Amino acid sequence: MAQLNAKKFTREQKSRRLHDIVRAEYDTFTANGIKYMQIDTYGSENRQTPNIPSQKIQFDKNFAKYLVSIFQMEGLI
């Protein structure tokens, strides 16, 4: 599981390819008075354990706003 924070979120130029579309789920929860969103991704349907999340990513409101600002700067929204 990974919790995202702007202090440790950097841009790295790398060679990229488009990945397959996979199943993902999200939920929100509150911990220590802070609301979080968690996104679980499940990988391809052919993987050995198809119903176990391959990634769990959590972020709070501040990081969500930070992501929106990056999306705007990069012309994605």
**Q.** Over the chain: helical MRE at 222 nm, DSSP H runs n ≥ 4 each giving -39500 (n - 2.57), nearest 500
**A.** -5500 deg cm²/dmol
Q. By a straight-distance test (C-alpha under 19 Å), which lysines pair with K61 as possible cross-link partners, with residues fewer than eight away in the same chain excluded?
A. K7, K8, K35
Q: Give, in nm to one decimal, the length gained when the segment between L67 and F9 is fully stretched (0.36 nm per residue of separation minus the Cα-Cα distance).
A: 19.9 nm
Q | Residue list for region 1-15, given a label point 7 angstrom along the Cα-to-Cβ vector of F29 and an amide N cut-off under 19 Å | A | 1-5
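Using packing as a proxy for protection, rank 59-66, 15-22 so that the peptide with the highest average count of other Cβ atoms within 10 Å comes first. Can you show the working numbers first?
Numbers: 59-66: 14.6, 15-22: 7.0.
Answer by packing, highest mean first, reads 59-66, 15-22.
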Q) What does the highest-first list of 67-77, 32-42 look like by mean Cβ count within 10 Å? A) 32-42, 67-77
**Q.** 5 Å binning of all Cα-Cα separations within the chain, expressed as whole percents from 0 upward
**A.** 3, 12, 17, 20, 24, 14, 8, 2
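Since every read-out is calculated from the coordinates, none of them should be taken as a lab result. Please read all numbers here as calculations on a predicted model, not as lab measurements. With ideal geometry, Cβ positions are generated from the backbone for all residues, glycine too; neighbour counts draw on all protein chains shown.
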